[in-house]
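The values are calculated or read from the model by the stated rules, or taken from the named source; none is laboratory data. Model, not experiment: these values are computed from the prediction. All Cβ positions, glycine included, derive from the backbone under ideal geometry; neighbour counts span all protein chains shown. Protein only, heavy atoms only, side chains kept; ligands, DNA and RNA dropped before computing areas. Shrake-Rupley method; radii C 1.70, N 1.55, O 1.52, S 1.80 Å.
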Amino acid sequence: MRTMIVVTHLLGTGHLSRALTLGRAFADAGHDVTVASGGMPAPQLNTDGVSLLALPPLRSDGTDFTRLLTADGNIADATYLNSRAIALTEAVRRVNPDVLITELFPFGRRSLADEFLALLSTARSLPSSPVVLSSIRDILAPPSKPAKAVRTEEIITRFYDGVLVHSDPEITPLHSSWPVTDNLAGRLFYTGFVAPPATGPHEQGEGANEILVSAGGGSVGQPIFRAAIEAAQKMPNRRWRLLVGGRDSEDRIAELRHMTHGEKVILEPVRPDFRQMLPLAAASVSMCGYNTAMDLLQCATPAVLIPFDDGKEVEQTLRANSLARLPAVDVLPSAKLTGETLAQAVDRVLHQGPRKPLDGGFDGARKSVEIATSLWEARQ
């Protein structure tokens, strides 16, 4: 079975990471997998078993997701956006997938609707039309206007065979963040959470007993890193390791290094072995994207969550508040973030100690393969 997954990450790398996890599950089941990525390159992510097709890349202008920029920082004009649509339609004709999955669209990425709709129309015109599925995380950004939810459902009804909801309906049903009509409810397939298999601790002991600070692959985490350096000054007996992501990570590390004054702070770019370091860490400080939440649930490291809440973003806050019911998890709103408040929050979760890791409910990628395969076989 040939599977094509289309994803564009505009700020961090979480959307691409989850799409690649899904793609590896299809590959592990013996299927040919193409992931078409329309965001900035993220070489630290695992692409094993997956053919990665890079579209002309886009990124958002900070947290303004309606202002799209090229890799050089220029406004993505109509010609540039059209080149992406052409690349996508050519790719879907070439791959001729049995299963086509769009990550987040049409529930998000509305600024890229033209290229997604061109993709979907081309897919539906193929001699053998693929099973078409949308792939969405547990919590979505709620529609700002009822018309957006209506338009989303119109697209789902016209083009899609179903929606893969990567959640447990007993924990975070879709209706907690998105209006679900009877029509939409009949198209939902809950898969459980999508996460790579839990890893063992780092063989070289990297991260042991450290305060591990991460903030995704974008630049919006810089205030967290600054506060972490200030917090390290207040906790001199703890070693802090800051993993800085983004294409300008070296410049941002240089900026942060000027703030350090002999504290036990390690500054380095994001690492592919981060998930192996996390179980050994004394505590984690991070935002609360979907993939980060999965990692923390699997390893049970004490955690301080600083949800991304710029503009009208509520997704991470909703997720963080749900995790805060667990032991050794503390939520620190960005408006209250200082070195002092972060040190206090880290101290609280350290004293609460590690909790029991969750050992089930993370096989959503495998379940997604089963759902897609069943829908495809029903057509044969």
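Pairs please, first residue from region 163-182 and modelled with pLDDT of 90 or more and open to solvent by less than 30 Å² (accessible area, probe 1.4 Å), second anywhere and assigned to a loop (DSSP other than H, G, I, E, B) and acidic (Asp, Glu), Cβ atoms under 8 Å, 6+ apart in sequence or on different chains.
Here the result reads VAL165/ASP138; HIS166/ASP138; SER167/ASP138, each pair linking region 163-182 to a residue that is assigned to a loop (DSSP other than H, G, I, E, B) and acidic (Asp, Glu).
Cβ contacts < 7 Å: first residue closer than 16 Å to LEU100 by Cα, restricted to region 352-380; second residue of a type in the set (Asp, Glu), any location; separation 6+ or different chain. Result?
Note: pairs meeting the criteria are LEU375/ASP161; TRP376/ASP98.
Go through region 93-114 and count every residue that is free of Cβ contacts under 8 Å to residues at least 60 places away in the same chain and of a type in the set (Asp, Glu).
Qualifying residue count, region 93-114: 1.
From the list LEU100, LEU184, which residue is closer than 26 Å to GLY361 by Cα and part of a helix (DSSP H, G or I)?
Matching residue, one of LEU100, LEU184: LEU184.
Across region 337-364, what is the number of residues that are under 17 Å from GLU230 (Cα atoms), outside any loop (DSSP other than H, G, I, E, B) and open to solvent by less than 80 Å² (accessible area, probe 1.4 Å)?
7
Picking from GLY186, GLY205, GLY218, which residue would you name as being at pLDDT below 95, more than 23 Å from the chain's Cα centre (by Cα) and small (Gly, Ala, Ser)?
Only one candidate passes the filter, namely GLY205.
Applying the selection to region 37-58, what residues are free of Cβ contacts under 8 Å to residues at least 24 places away in the same chain, open to solvent by less than 50 Å² (accessible area, probe 1.4 Å) and either aliphatic (A, V, I, L, M) or more than 16 Å from ARG247 (Cα to Cα) (or both)?
Residues satisfying the conditions do not exist here.
Among the residues of region 310-334, what is the count of those that are within 14 Å of PRO223 (Cβ to Cβ) and touching an Asp or Glu at 6+ places or on another chain (Cβ under 9 Å)?
So the count comes out to 2.
Of the residues that sit in region 367-380 and are surrounded by fewer than 17 Cβ atoms within 10 Å (Cβ to Cβ) and charged (D, E, K, R), which one is nearest to TRP240 (Cα to Cα)?
Across region 367-380, the extreme among qualifying residues is GLU370.
Of a type in the set (Gly, Ala, Ser), open to solvent by 70 Å² or more (accessible area, probe 1.4 Å) and out of contact with any His (no Cβ under 8 Å at 6 or more places or on another chain): does that describe SER121?
No; evaluated as a whole, the condition is false for this residue.
Among the listed residues THR292, THR338, THR317, identify the single one that is free of Cβ contacts under 8 Å to residues at least 60 places away in the same chain and among the hydroxyl-bearing types (Ser, Thr, Tyr).
Within the list THR292, THR338, THR317, the selection yields THR317.
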